[in-house]
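The values are calculated or read from the model by the stated rules, or taken from the named source; none is laboratory data. Nothing here was measured: the structure is a model prediction, and the numbers come from that model. Virtual Cβ from ideal backbone geometry, glycine too; neighbours counted across all protein chains shown. The accessibility values were calculated without ligands, DNA or RNA, using every heavy atom of the protein model including side chains. Shrake-Rupley method; radii C 1.70, N 1.55, O 1.52, S 1.80 Å.
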Amino acid sequence: MLSINNIEVVYDNVILVLKGVSLEVKSGSITTLLGANGAGKTTTLKAVSGVLRSERGEVTKGSITFGARRIDGMRAFDVTRLGIAQVFEGRRVFEHLTTEENLVAGAHTVRRVSKVRDGIERVYAYFPVLKNRREQLSGYLSGGEQQMLAIGRALMSSPKVMLLDEPSLGLAPMLVEEIFGIVRRLVQQEQVSVLLVEQNAAMALEVADHGYVMENGRIVLEGSVASLRDNSDVREFYLGLNEVGSRKSYRDVKHYKRRKRWLS
Amino acid sequence: MWDELQFASALIVSGLSIGLMYSLIALGFVLVYKATDAINFAQGEFVMLAGFVAALMLAPKMPVLVAIGAAVAVMVAFSFALERIVLRPLIGRPIIAVIMATIGLGAMLRGLPPITVGGETRAVSLNIGDMPIGFGSISLPPVQILGVIVTLAFFGLFTWFFLRSRMGIAMRAVADNQQVAMAMGINVERYFALAWAMAGTVSALGGVIWGSMLGVDVHLALVGLKVFPVVILGGLDSVAGAVIGGLIVGVVESLAAGYIDPYVGGGTKDFAPYVLMIITLMFKPYGIFGTHRVERV
């Protein structure tokens, strides 16, 4: 459905951030992109959604296709119109707008007012807490509520693909669980496919169908989540488990660091 | 005692009406700042330019409405062009670049009339008479009453636009976070252009009304200086603040002229608003209605 073919991204004409990234999001599934800070996960999402351009970044090689259309180089608002919605890292709700106004703004691409109203009700059905906060300035919502609003706002444009950037950031484990549960339901009930960027690898590998591991602007590993969970490198470096499978003791970390088996 | 009261109320009423006309100009400034984060130091020159257009149209006896329409059309076109040619390339640059660009633009605009149409003062006659309308000792010239009506109409329109219409909500979303707004499918640049066009429209009407009160020449641009106390007082990004700030500045100025001028020989009217501005900056830097940064605790 959405495929990224060997793209390179350059910031400010000089800084090479992505060095040939390819990945594929299949229809009706959750694909996760794992990696450490600065690996290029967010840049990958921004390359897809087109907001890269406002940060002086550019896709210089490769292509991004959505369905049969090539979307790299398209402007962000046109990409959204085609059915790709991005949920930004750190929630980024419109703080000075109320909850409901945020949803209205999210439905900018929807023409009919009645459809906007239906969309708002649908979001409230998935996230009932938001309904109680509808008249409140979204800047004052709790972190969890803001994350729900950010997802709900993206849902307003009835996207076919949702790009989710670190929805677990700064949230309590129970909330993370709840939000991922809703994401799962969205995939099943709204026919949305999700590209999920996460640092919380354990959670991501639990909820996703397929996964990629990124390092230094490259994809270094790919596979079904089951195979990734079994991969010894992923276990060691992303899940914090050692060979035997028990939790690693931090006392040992400094003594011995196993080399990764991929080149980066 | 009775005389005193009458004197004071006359000063206040005239201050309120003049204040609302400051608000009209300040509205243009606020719209641009709110939507695009650009500070337009050429707001006064916008007003002057519109005044010239209206005066030149009226000189060969064009109907008043045609002249006003022409002023609005020219200002909207001018604002569009300005946004497109000068300001869009500066998006993402330091704010000082935009400030300098508008200051330079202001200087250019002030230089334009003397070399093209001549420096003399021109009249904008709206054919609504000069006989003050009112009751008792409180009366206002018709043009001021017109100014009050126009300002209140725009205030109502903009309030509705920002709070109720989907375009208004989108514009506030753009003001809140441009990148995220873009990802919501909002064409940010189009909304910038819209904000400038709205600012152009209120400047045009400000130019017609102020021009008919003061006459049109290069000095008309000086009313733009009053925008700063108004918007600092009301809050840089608040439509309601522009109106309240204008009212306060108008009344303060009028009272200063009425009560302090006789002792010091005049001129307090021109600096009283700035004293007020400095006091505001000391105690309420965001102004009365300005947006505070939202912070969760």
Probe 1.4 Å - accessible area at B:K269, Å² to nearest ten: 90 Å²
GluC sites (Glu not before Pro), loop per DSSP, at most 15 other Cβ atoms within 10 Å - longest free stretch of chain B: B:121-294
Heavy-atom accessible area per residue - the protein assembly as shown, 1.4 Å, Å²: 46 Å²
10 Å Cβ shell holding at most 15 others, DSSP loop, chymotrypsin sites (Phe, Trp or Tyr not before Pro): longest site-free stretch of chain A: A:1-249
Mean separation of Cα contacts under 8 Å, 6 or more apart, over the residue count of the range A:2-230: relative contact order %: 30 percent
Selection from A:V9, A:A201, A:N102, by position along the positive dipole direction of chain A (Cβ): A:V9
Relative contact order %, chain B, counting alpha carbon pairs below 8 Å whose residues are six or more apart: 35 percent
Among B:Q43, B:Q179, B:Q144, residue whose mean-square fluctuation peaks in a GNM of chain B (springs only between Cα atoms under 10 Å): B:Q179
Principal-axis tilt of helix B:268-283 within chain B, Cα atoms, nearest 10 degrees: 40 degrees
Whole-angstrom gap from the range B:182-234 to the range A:119-142, using each part's C-alpha centre: 36 Å
Built amide H within the under 5 Å cut-off of A:L97, gap 5+: A:S138, A:G139
Residues whose placed amide H lies under 5 Å from that of A:R218, excluding near-sequence neighbours: A:K19
Delta accessible area of at least 50 Å² on complex formation, residues of the range A:67-83, 1.4 Å probe, chain isolated as reference: A:F77
Threshold 20 Å² - residues in the range B:146-181 whose accessible area is reduced by that much or more when the chain is no longer isolated, probe 1.4 Å: B:R166, B:I169, B:R172, B:A173, B:D176, B:N177, B:Q179, B:V180
Cα-based helix-to-principal-axis angle, A:143-155 vs chain A, degrees rounded to 10: 70 degrees
Dipole magnitude (debye, nearest 20) for the protein assembly as shown, charges at Cβ of Lys, Arg, Asp, Glu: 1720 debye
Rel. contact order, % - alpha carbon contacts under 8 angstrom, at least six apart, the range A:194-241: 30 percent
Spatial separation of Cα centroids for the range B:244-267 and the range B:51-74, in angstrom: 32 Å
Accessible area buried at the B-A interface, both sides summed, 1.4 Å probe (Å², nearest 100): 2600 Å²
Extension gain (nm, one decimal) between A:L16 and A:D230, 0.36 nm per residue minus Cα-Cα: 73.9 nm
Within the accessible area of chain A (1.4 Å probe), percent carbon and sulfur: 48 percent
Most mobile listed residue (B:V275, B:V264, B:V249) in chain B, GNM with C-alpha springs under 10 Å: B:V264
Förster radius 30 Å - calculated FRET efficiency between B:I96 and B:M167 (Cβ-Cβ, nearest 0.05): 0.50
Antiparallel DSSP beta bridges within the range A:2-230, percent to nearest 5: 55 percent
Loop trypsin sites (Lys or Arg not before Pro), the range A:1-56 (other Cβ atoms within 10 Å of the site Cβ: 14 or fewer; DSSP): A:K26, A:R56
Accessible surface of the range B:77-211 [probe 1.4 Å, protein heavy atoms]: carbon and sulfur percent: 70 percent
Tensor-based shape of the range A:2-230 (alpha-carbon gyration tensor, a/c under 1.5 rounded, otherwise prolate or oblate): prolate
Length added when fully stretched, B:K61-B:Q179, from 0.36 nm per residue minus Cα-Cα: 37.5 nm
Average beta carbon contacts from partner chains per residue of A:204-214, 10 Å cutoff: 0
Amide H contacts of B:R122 (H built 1.01 Å from N, under 5 Å, at least 5 apart or other chain): B:V216, B:D217
Label-point gap, in nm, between B:Q6 and A:Q136 - each point 7 angstrom along Cα→Cβ: 5.7 nm
Selected from B:V180, B:V216, B:V98 as most flexible by GNM, with chain B as the system and alpha-carbon contacts under 10 Å: B:V180
